[in-house]
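What follows draws every value from the coordinates through simple rules; no lab data is involved. Predicted model, so just to flag it, every value in this text is computed and none were measured. Cβ sites come from the backbone with ideal geometry, for glycine too, and all protein chains shown count toward neighbours.
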Amino acid sequence: MACSLYNYIIMEHVGYIQQQPNLDAVFAALADPTRRAILSRLADGQASVNEIAAPFEISQPAVSRHLKVLERAGLISRDVDEQRRPAKLETMAAAVEWLSEFKEFWEASFDQLDDILIRMQKTKQ
């Protein structure tokens, strides 16, 4: 794995791998369980800060800080609707695109695991 990571870093450095400009911000935002829960809530539709804060045991200002992190990462947007600033979910394309680069690796790994499991079953019989 260390060799693969090293190769990936070298490939990235010489320009073989295109990085999304906000990819670090996206994954940093997704690293927090409260922010992931907020995104799950917003998948049901836009909501105000108070509506988002309701199920959490944190203050409304704390929820607002989480929303700012999500907004800076491009995961949500906020509109002005009279006196409310409802948040709505945006695309997670940067994270999905980056993760899809590893799809071939994962599929090959699962194929290898399948082969090992089949051989183990045959030796048991």
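At a glance:
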| quantity | calculated |
| --- | --- |
| Convex hull projection area averaged over all views, the stretch 20-88, Cα basis, nm² | 4.5 nm² |
| Loop-located chymotrypsin sites (Phe, Trp or Tyr not before Pro) in the stretch 20-123, at most 13 other Cβ atoms within 10 Å (DSSP) | PHE102 |
| Karplus-derived 3J(HN,Hα), 6.51/-1.76/1.60, for each residue of the stretch 71-79, Hz, glycine and proline x | 5, 4, 7, x, 7, 9, 10, 10, 9 |
| Reachable lysines, given that their alpha-carbon falls under 29 Å from the alpha-carbon of LYS88 and they are not under 8 places away in the same chain | LYS68, LYS103 |
